[in-house]
Each structure stands twice: as structure tokens, then as C-alpha cells.
Amino acid sequence: MAIIGLPALLATGCNSNQAITNPATGPARDINTLWWAMLVGAVIIFGVVVGLLVVAFVRRNRDEGPSHDDRGPYMVIIGGGLAAPIVCLAILFGFVIHVMPATSAPPGPTKLTIDVIGHQWFWEVRYHGTPAVTANEIHIPAGTPVDVRVTTADVIHSFWVPRLNRKIDMIPGRVNRIELDAPDPGVYRGQCSEFCGVGHAQMAFFVIVQPPDQFRTWLRNEEAPAAQPSGSQATLGEHAFMTVGCQNCHEIRGTAAAGRVGPDLTHVGSRRTLAALTISNTPRSLYQWITDPQRIKPGARMPGFASLPASERHALVSYLEGLR
Ligand SMILES: [Cu+2]
């Protein structure tokens with residue numbers, strides 16, 4: 001069992017919330033079964049091949065004289081080299097023919113459609129038919145098939161939530177689809193799975209599955225424009241945001257800030273994490289992010305603002321944390 005268990009442990013990276021071996025939906029269960037079947041099959045074949053090698057080694061010096069039966073070696077080649085691979089691949093093919101459609105998005109519209117756009121190195125999320133835009137945290141209702149349409153703003157990325165479904169590439173100029181249909185509320189971790197530059201390893205996201213009524217409340221809040229700053233500190237922060245350069249890269253709906261380089265910040269205060277799950281969303285870590293993003297996430301396409309007076313950075317934090 002150890003020989004099977006060890007690679008399984010390595011493959012799942014020890015984070016059971018991002019493991020294909022911990023499936024939460026029908027398609028993910030199919031993938032998990034296929035994965036185990038392939039692993040067990042590969043271990044058996046490896047064992048047989050190593051066994052034959054050992055036999056050959058042990059018998060290497062045995063001189064059996066001229067053989068009267070020449071069919072032995074041919075049987076090994078025909079059986080082991082031809083028949084066995086054809087049988088194994090046919091079984092695998094049958095398996096895959098079943099799993100492929102089970103994990104593909106069915107044609108036709110679903111009730112809820114979401115666009116996810118990959119950026120170096122974060123995820124932009126848009127809800128069809130609403131002005132809601134968010135980043136790195138994809139909320140969906142439980143028990144509802146959701147049509148996720150993925151593409152990219154720059155290089156190829158790959159959208160993957162191992163516990164929910166297979167991975168799907170995000171390709172420039174093309175829209176690929178995947179269906180997420182999670183029966184149970186919970187938080188499922190996803191990760192970019194196509195190397196896309198220095199920030200690749202820090203390009204993660206959550207799929208937050210909520211009971212449908214909670215989801216509707218969340219979406220209604222996300223649709224709304226940003227809250228007015230409350231208090232003098234936050235008002236100062238809003239002013240700083242609009243004047244020091246943040247507005248060139250970030251959108252805050254309902255204000256003059258309409259940049260599209262970085263994540264939409266209209267409701268950034270309500271997110272759990274920042275910078276694609278790199279840090280938790282606390283005033284302290286947000287302050288550090290504004291001061292020196294490169295230290296937190298090397299390569300991030302946001303400049304540091306250490307040159308701003310600390311009071312102004314604190315004001316920015318108080319404004320952004322108020323955007324709930
Ligand atoms: Cu990526």
C-alpha cells in the first residue's frame with residue numbers, strides 16, 4: 001500500500017481542499033476513479049516488468065543449450081509487447097470515453113453564466129446580466145449548474161478547481177467552457193495550472209459555494225456601486241486613491257476610477273484575501289501590500305507606494321477596507 005499511498009500523497013500536495021482525491025461533485029468523482037485506476041494499473045505493470053527483469057538477471061548465466069522450441073521469445077513479444085498494451089489501452093480508452101462527456105459543459109444555456117478572465121496574476125470574475133465584477137473569489141449558488149466561460153487578457157492560463165471538475169485552458173482570443181455544479185456549500189481552492197510567468201504559483205482563487213438565498217444577497221451587494229467613504233480618514237483615502245495613480249489601474253464603480261489593469265476594487269473590503277490568495281485581507285496586510293507589493297508577491301504588476309506619507313497609506317487602507 002505504501003507504494004501507492006506515497007505518490008498519492010505527493011500528487012495531492014497535502015492540501016486536501018485542492019485534491020482530486022477529495023472530490024465534491026460527480027465529474028470530480030469520475031476523474032478520481034480514473035486516476036486511481038491508472039495508478040493501480042501502472043503499479044501492477046511496473047511490478048510485472050521489474051519481476052521479469054529480476055528473472056532475466058537471475059538466469060543470466062544459465063546455459064540451456066540450443067532450444068528446440070523457438071516460440072518462447074515470440075510469445076513474450078506478442079503477448080507482452082502487443083496484446084497486453086492493446087488490452088490495457090482499450091480499457092483506458094473506454095474509461096476516458098465515459099469520463100470526457102461527464103466532465104464537459106453540456107450545450108445550451110444555464111441559469112447562471114460567469115466570465116472568468118485570467119490576468120498575470122489574478123482572476124477577473126464577471127456575472128452575466130449584472131454589473132458585478134470581482135476578483136479571485138468566485139461565489140456560486142449550491143446545487144445550481146453554473147456555466148463558466150474562461151478566457152485570458154494576456155498569456156495562456158489554466159482554470160482548475162480539482163474538487164469540482166477538470167482543468168480548462170484559458171487561451172487568448174478564445175472562450176472555453178466548463179460547468180461547475182457543487183451540491184454542498186463550502187470553500188473550494190483553485191489554482192492556475194499552466195505556467196504563466198513569475199507570479200504563477202501565487203495565482204490561486206476560491207470558489208465559494210453558498211446556499212442560493214445567501215448567494216443572491218451577495219450578488220445584489222456586488223452589483224451595487226461602491227459605498228461612500230464614511231469618516232474623515234476614509235474620505236482622505238478616497239481622495240488619495242483618485243490622485244496618486246491607483247485610479248489608472250483599478251476600477252471602483254460609482255467613482256471616477258475606471259482603470260482595467262488590476263482587479264476591480266468596488267467591494268474589495270468584503271474579500272477574504274488579497275492578491276489571488278497570497279495574503280489575508282486585513283488592514284495590516286493591505287498596508288504592507290500598498291507599501292511594497294513586490295515583497296509580498298514578486299513580479300506583481302503593481303508598483304509600490306512606499307514614497308507616500310504613512311498617513312496617506314493608512315487613509316487608503318481605511319477607505320478600501322470600508323468598500324464592502
Ligand atoms: Cu496563470
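Every number here is computed from the coordinates shown, using simple stated rules; none is lab data. Computed from a predicted model, the values in this text were never measured in an experiment. Because the Cβ atoms are built from the backbone with ideal geometry, glycine has one as well, and the counts that use them run over all protein chains shown.
Taking springs between alpha-carbon atoms closer than 10 angstrom, which of LEU164, LEU274, LEU308 fluctuates most in the Gaussian network model of the chain? With Cα springs under 10 Å in the chain, the top fluctuation among LEU164, LEU274, LEU308 is at LEU308. With q set to 0.16, 0.17 Å⁻¹, the log10 of I(q)/I(0) for the range 232-321, from the Debye formula over equal scatterers at the Cα positions, is -0.57, -0.66. Shown is the FRET efficiency for PHE95 and ILE156, computed with R0 = 22 Å from the Cβ-Cβ distance and rounded to the nearest 0.05: 0.20.
Give me the percent relative contact order of the range 112-223, please, defined on Cα pairs under 8 angstrom at least 6 residues apart. Kindly include the intermediate steps, with their values, before the conclusion.
On the way: 273 pairs, mean separation 32.8, N = 112.
Worked out over the range 112-223, it gives 29 percent.
Pair-distance distribution P(r) for the range 179-246, from all Cα-Cα distances in 5 Å bins starting at 0: 3, 12, 12, 12, 13, 15, 18, 10, 4, 0 percent. Entry note, the range 232-321: relative contact order of 36 percent, from Cα contacts under 8 Å with a spacing of 6+ residues. The 3J(HN,Hα) values that the Karplus relation (6.51, -1.76, 1.60; θ = phi - 60°) gives for the range 289-294 are, in residue order, 4, 5, 5, 8, x, 5 Hz. Gly and Pro appear as x.
Taking other C-beta atoms within 10 angstrom as a stand-in for reagent exposure, CYS88, CYS246 fall in the order CYS88, CYS246, fewest first. Put simply, the amide H of ILE171, placed in the peptide plane, has neighbours under 5 Å in THR152, ASN176, leaving out anything fewer than 5 places away on its chain.
The range 161-284 has equivalent-ellipsoid semi-axes of 29, 20, 14 Å, by the square roots of 5 times the alpha carbon gyration tensor eigenvalues, sorted largest first. Think of the range 232-321 as a dipole: +1 on every Lys or Arg Cβ, -1 on every Asp or Glu Cβ, centred on the Cα centre; then among ILE279, CYS249, GLY259, ILE279 lies furthest on the positive end. Calculated mean residue ellipticity, 222 nm, the chain: -12000 deg cm²/dmol, from DSSP H runs (n ≥ 4) at -39500 (n - 2.57) each, averaged per residue and rounded to 500. Residues whose amide H falls under 5 Å from that of THR266, counting only those 5 or more places apart or on a different chain, are ARG253, with hydrogens built in the peptide plane. Measuring nothing but how far apart in sequence close Cα pairs (under 8 Å, 6+ apart) lie, relative to its length, the chain scores a relative contact order of 15 percent. With Cα atoms as the point set, the range 112-223 shows a radius of gyration and Dmax of 13.1, 39 Å. Angle of helix 232-243 to the longest C-alpha principal axis of the chain, folded into 0 to 90 degrees and rounded to 10: 70°. Under 5 Å between amide hydrogens, which residues at least 5 positions from ALA142 or on another chain qualify, with H placed 1.01 Å from N in the peptide plane? HN-HN under 5 Å from ALA142: GLN210.
Summing Cβ point charges (Lys, Arg +1; Asp, Glu -1) relative to the Cα centre of the chain gives a dipole of roughly 260 debye.
How big is the chain by the Kirkwood estimate over distinct Cα pairs, in Å? Display every interim value, and only then the final one.
Details: mean 1/r = 0.0436 Å⁻¹.
Roughly 22.9 Å, rounded to one decimal.
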